[in-house]
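Chemist: What follows is a single structure, and I will ask about it in a moment.
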Amino acid sequence: MTPTITAFERSPDRGRGLARDMRVRWALEEVGQPYDVRLVSFQAMKEPAHLTLHPFGQIPTYEEGDLALFESGAIVLHIAECHAGLLPEDAHARARAISWMFAALATVEPPIVELSMAALLERDKAWYGERLPGLRENVRKRLGELSRRLGDADWLDGGFSAGDLLMVSVLLRLRSSGILDEYANIANYVARGEARPAYRSAFAAQLAVFTAASKGE
Ligand SMILES: N[C@@H](CCC(=O)N[C@@H](CS)C(=O)NCC(=O)O)C(=O)O
């Protein structure tokens with residue numbers, strides 16, 4: 001059965017691949033699973049039909065038959081568990097890959113989101129200049145730790161996994177900050193992720209939505 005995901009009708013990131021439907025698209029592309037996309041406006045996301053799918057009125061969601069999921073991490077995990085290619089067969093290696101999925105979302109993403117939200121929403125506030133260095137330091141702390149663990153490996157734990165898919169997705173949100181470039185091995189790791197054919201297909205698909213919406217303006 002072809003799953004349907006939701007994505008922004010008009011992504012605030014203007015097609016830069018930072019909205020969280022991108023990680024779900026990427027996972028589906030990695031495993032070769034075709035999918036449909038239902039585009040939703042900001043208004044529609046807060047209406048009852050969408051709130052039934054997503055209690056917090058956000059994207060992405062994932063529907064497959066009578067299964068409806070929300071939270072990008074849970075959706076990627078579901079895809080990885082239903083198809084070969086994103087989680088190792090070996091039970092211990094699989095558990096470690098899942099640890100990296102949680103690490104990406106629960107440990108690395110929060111300081112990155114805090115930094116990007118401050119830049120978006122607080123830039124004109126009196127305290128922004130004082131707050132910014134601390135926010136950047138919080139991100140550097142995590143990147144330093146991640147950089148030490150990654151070392152000169154291609155991926156976090158053996159072959160590419162859903163853990164890398166989520167970690168690269170999260171790290172990409174830092175691109176405009178310049179911080180990624182302070183950690184050569186992490187910058188190369190992110191570049192390896194972006195070079196994967198599945199990433200490129202997913203990126204092109206979400207960019208096409210933004211381009212079509214812009215033409216209709
Ligand atoms: N933890 C959630 C976060 C979902 C989320 O923040 N989605 C954003 C788009 S990337 C959204 O829908 N923002 C609109 C809103 O919150 O009103 C996940 O990973 O799926």
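The values are calculated or read from the model by the stated rules, or taken from the named source; none is laboratory data. These numbers were taken from a predicted model, which means no experiment stands behind them. Cβ placement follows ideal geometry from the backbone for every residue including glycine, while neighbour counts extend to all protein chains displayed. When the accessible area is computed, the model is the full protein with side chains, heavy atoms only, and any ligands, DNA or RNA have been set aside. Shrake-Rupley method; radii C 1.70, N 1.55, O 1.52, S 1.80 Å.
Chemist: Mind checking the per residue accessible area of the chain for me, 1.4 Å probe, whole number of Å²?
Modeler: With all protein chains present, the chain gives 51 Å² per residue.
Chemist: Taking H placed 1.01 Å from N in the peptide plane, check which residues at least 5 places from Thr61 or on another chain put their amide H under 5 Å from its amide H.
Modeler: Thr6
Chemist: How charged is the neighbourhood of Phe56? Take every other residue with its Cβ under 13 Å from the Cβ of Phe56, and add Lys/Arg as +1 and Asp/Glu as -1.
Modeler: Once positives and negatives cancel, what remains is +1.
Chemist: Once phi is turned into ³J(HN,Hα) by the Karplus curve 6.51 cos²θ - 1.76 cosθ + 1.60 with θ = phi - 60°, what whole-Hz value does each residue of the stretch 49-63 show in order, with x for glycine and proline?
Modeler: These are the phi-based 3J(HN,Hα) values: 4, 6, 5, 5, 7, 9, x, 9, x, 10, 10, x, 10, 9, 10 Hz.
Chemist: For the chain, evaluate the Debye formula with one uniform point scatterer on each Cα (no solvent term) and list log10 I(q)/I(0) at q = 0.14, 0.16, 0.18 Å⁻¹, rounded to two decimals.
Modeler: Debye intensities relative to I(0), on a log10 scale: -0.90, -1.16, -1.40.
Chemist: Along the stretch 115-132, what does the Karplus equation 6.51 cos²θ - 1.76 cosθ + 1.60 (θ = phi - 60°) give for ³J(HN,Hα), rounded to whole Hz, x for Gly and Pro?
Modeler: With the stated coefficients, the stretch 115-132 comes to 5, 6, 5, 5, 5, 7, 10, 10, 4, 8, 8, 4, 8, 4, x, 6, 7, 4 Hz.
Chemist: Restricting to the chain, compute how many DSSP beta bridges are antiparallel as a %, nearest 5.
Modeler: 55
Chemist: Which of rounded, prolate or oblate describes the stretch 1-118 when judged by the alpha-carbon gyration tensor and an a/c cut-off of 1.5?
Modeler: Taking the square roots of the gyration eigenvalues as a ≥ b ≥ c, the stretch 1-118 is oblate.
Chemist: If you find the alpha carbon centre of the stretch 78-111 and of the stretch 31-74, how far apart are they in angstrom?
Modeler: Their Cα centres are 21 Å away from one another.
Chemist: Under a 5 Å amide H to amide H cut-off, with H placed in plane at 1.01 Å, what residues pair with Val37 once short-range neighbours are removed?
Modeler: The answer is Ile5.
Chemist: Take the solvent-accessible surface of the protein heavy atoms, probe 1.4 Å, and return the percent of it on the chain that carbon and sulfur atoms account for.
Modeler: Summing carbon and sulfur atoms, their accessible area is 54 percent of the total for the chain.
Chemist: Using the Karplus curve 6.51 cos²θ - 1.76 cosθ + 1.60 with θ = phi - 60°, work out ³J(HN,Hα) for each residue of the stretch 184-196 in order, rounded to whole Hz, and write x for Gly and Pro.
Modeler: 4, 5, 6, 4, 5, 4, 5, 4, 4, x, 5, 7, 5
Chemist: Amide H neighbours of Gly85 under 5 Å, at least 5 residues apart or on other chains, H built in the peptide plane: list them.
Modeler: Excluding prolines and chain starts, which carry no amide H, there are no hits.
Chemist: Still on this structure, I have one more. Sorted from largest to smallest, which semi-axis lengths in Å does the alpha carbon gyration tensor of the stretch 91-196 give for its equivalent ellipsoid, taking the root of 5 times each eigenvalue?
Modeler: Ellipsoid semi-axes (Å, largest first): 27, 14, 11.
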